[in-house]
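I have placed the structure first, in the form of structure tokens, so that the comments after it can refer back to it.
Any read-out appearing in this document is the output of simple, stated calculations on the displayed coordinates, not a laboratory observation. Small disclaimer: the values here were computed from a predicted structure and weren't measured. Positions of Cβ are generated from backbone atoms using ideal geometry, with glycine treated the same way; all protein chains shown enter the neighbour counts.
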Amino acid sequence: MAFLSRVLNPPRYGYERNGNLYIPSISELMSEFFFRANPFSTRKNWIIIFGWATTLAMIVPFYFFFTHFFSWGLFFIAFVYSMVILGTHGTIWFHRYCTHRAYQFRNPLARFLVKHMVVKLIPEETYVVSHHVHHFMSEKQGDPYNVHGGWLYCFLADAIHQPIRKDLTENEYIKVTAMLSHTGVRMNSYAQYLKWGSVCHPWFTTIEFGLNWAFWFTVFYYLGGIALATTIFASCGVWAIGVRTFNFDGHGGGQDKRKNGIDFDRESLAINQLWPGLVTGEWHSNHHLYPNGARAGFLPYQLDYAWYFIRLYHWLGGITSYRDYRDDFYKKYMNPYLSEQTKAI
């Protein structure tokens, strides 16, 4: 477990001072961001530059959507694709499978279909390794998107806190690749890692994104012409920006907003928010209680589209097994709470 405390590349200002979380100034955060996103200082910055370049590329369809193709019907489609479809897929793929292995695919084809069932926007490496660290030291020094660091601290985390170290030993690098071995990512050898500073290779990553984008643009073009294709890709930019703010909001903005009878996790400030919960199945307090669970919506009103998809894909044969902790949740948390409430009346 000590490995998780050093696997990420620390910012130059450090995570702590005198044993306490160091909260950098805006100028320090921006300086670190541009230092990490500098393409001329080292090739090892490539994955950070790639991540932001693919996000900012969506400004083009976003502009043409509002200047050439806007209609309320297309706006509704963009809203659903961005908020519901992309958000739910992020929960299904990056969160519950890639990071926590909450379920198992039958074969690589079944995995491939889920991996690419939406427009691809995030390299698995960027999400998975840092998310393991987040759960290991949630809201403590070293948490890559520590809510106590502030909104910008979380928003820029993919560039300044989430990348892996560039000086891992070979044994440490093997441990990192083990975190991603089940995702289908084509991983660098240790020699390639020393050259590129990443698990995934820039050329294979670029080809994967390019083919994914070309496929989905073509599909949406044939479904609804250039207007629909532009609309969908514009909505992708909205999601790619918005997802960077999730952990700050999902942990109460650094304030204790947990509600008795709703938010049972006491190891972090994670809360079950109605908005991401109802549109993506991301009930964050429940997730922190059961990180490797395939379901996070436990209460009757807690819709969980990610869970519904996992169950459907299991029924279709694409998934062979999954973990469901709903009964355990009621036994350990909800039923005792209801019992205490009854006694208090």
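When the helix-only estimate is applied to the chain (DSSP H runs of n ≥ 4, each -39,500 (n - 2.57), divided by the residue count), what is the mean residue ellipticity at 222 nm, nearest 500 deg cm²/dmol?
So the helix-based figure for the chain works out to -14500 deg cm²/dmol.
Cα centroid distance between segment 65-85 and segment 3-60, in Å?
Between the Cα centres of segment 65-85 and segment 3-60 lies a distance of 32 Å.
Students often check this: by mean Cβ neighbours within 10 Å, which of 71-80, 274-283 ranks highest, and how do the rest follow?
Final packing ranking: 274-283, 71-80.
Near the amide H of ILE164, under 5 Å away, which other amide H atoms are found, from residues 5 or more places off or on another chain, if H is placed in the peptide plane?
ASN9
Per residue of segment 59-68, what does 6.51 cos²θ - 1.76 cosθ + 1.60 with θ = phi - 60° give for ³J(HN,Hα)? Whole Hz please, x for Gly and Pro, Karplus curve as stated.
4, 4, x, 4, 5, 5, 4, 6, 9, 10
Considering every Cα-Cα pair within segment 256-296, what fraction, in whole percent, is farther apart than 11 Å?
Summing the P(r) tail past 11 Å for segment 256-296 gives 59 percent.
Among ASN188, ASN18, ASN272, which one shows the highest mean-square fluctuation when the chain is modelled as a Gaussian network with alpha-carbon springs under 10 Å?
ASN18
Mind telling me which of LEU86, LEU228, LEU211 comes out most flexible in a GNM of the chain, alpha-carbon contacts under 10 Å?
LEU211
Once a ≥ b ≥ c are taken as the square roots of the eigenvalues of the Cα gyration tensor of segment 1-143, is the result rounded (a/c under 1.5), prolate (a/b larger than b/c) or oblate (a/b not larger than b/c)?
oblate
With a ≥ b ≥ c the root eigenvalues of the C-alpha gyration tensor of segment 124-209, is it rounded (a/c under 1.5), prolate (a/b larger than b/c) or oblate?
prolate
Counting only C-alpha contacts under 8 Å and six or more residues apart, can you give the relative contact order of the chain as a whole percent?
24 percent
Check ILE319: other-chain or 5+ apart residues with amide H under 5 Å from its amide H, H built from backbone geometry?
Those qualifying (amide H under 5 Å, at least 5 residues apart or on another chain) are ARG106, HIS314.
Considering the values (i) 180; (ii) 159; (iii) 129, which represents volume of the Cα convex hull per residue in Å³ as calculated for the structure under consideration?
Checked against the structure: label (ii).
Give the distance, in whole Å, between the Cα centre of segment 290-315 and the Cα centre of segment 135-211.
Taking the Cα centre of segment 135-211 as reference, the centre of segment 290-315 is 27 Å away.
Can you classify segment 123-166 as rounded, prolate or oblate using the Cα gyration tensor, where a ≥ b ≥ c are the square roots of its eigenvalues, rounded means a/c under 1.5, and otherwise it's prolate if a/b beats b/c and oblate if not?
Oblate, since a/c reaches 1.5 and b/c is not below a/b.
Across segment 192-207, in residue order, what do the Karplus-derived ³J(HN,Hα) couplings come to in whole Hz, using 6.51 cos²θ - 1.76 cosθ + 1.60 with θ = phi - 60° and x for Gly and Pro?
5, 4, 4, 7, 9, x, 8, 7, 8, 8, x, 6, 5, 5, 5, 5
Can you tell me the order of 235-242, 320-327, 334-341, 157-164 when each peptide is scored by its average per-residue count of other Cβ atoms within 10 angstrom, highest first?
Final packing ranking: 157-164, 235-242, 320-327, 334-341.
Give me the percent of Cα-Cα pairs in segment 262-345 that sit more than 15 Å apart, rounded to a whole number.
60 percent
Given the pairs LYS140/LYS257; LYS175/LYS331; LYS140/LYS195, which are separated by over 24 angstrom at their Cα positions?
LYS175/LYS331; LYS140/LYS195
Could you give me the ³J(HN,Hα) list for segment 75-81, computed from phi with Karplus coefficients 6.51, -1.76, 1.60 and θ = phi - 60°, whole Hz, x at Gly and Pro?
Using θ = phi - 60°, the values come out as 4, 5, 4, 4, 4, 5, 5 Hz.
For the chain, modelled as a Gaussian network with Cα springs under 10 Å, which listed residue fluctuates most, HIS100, HIS284, HIS68?
Fluctuation is largest for HIS68.
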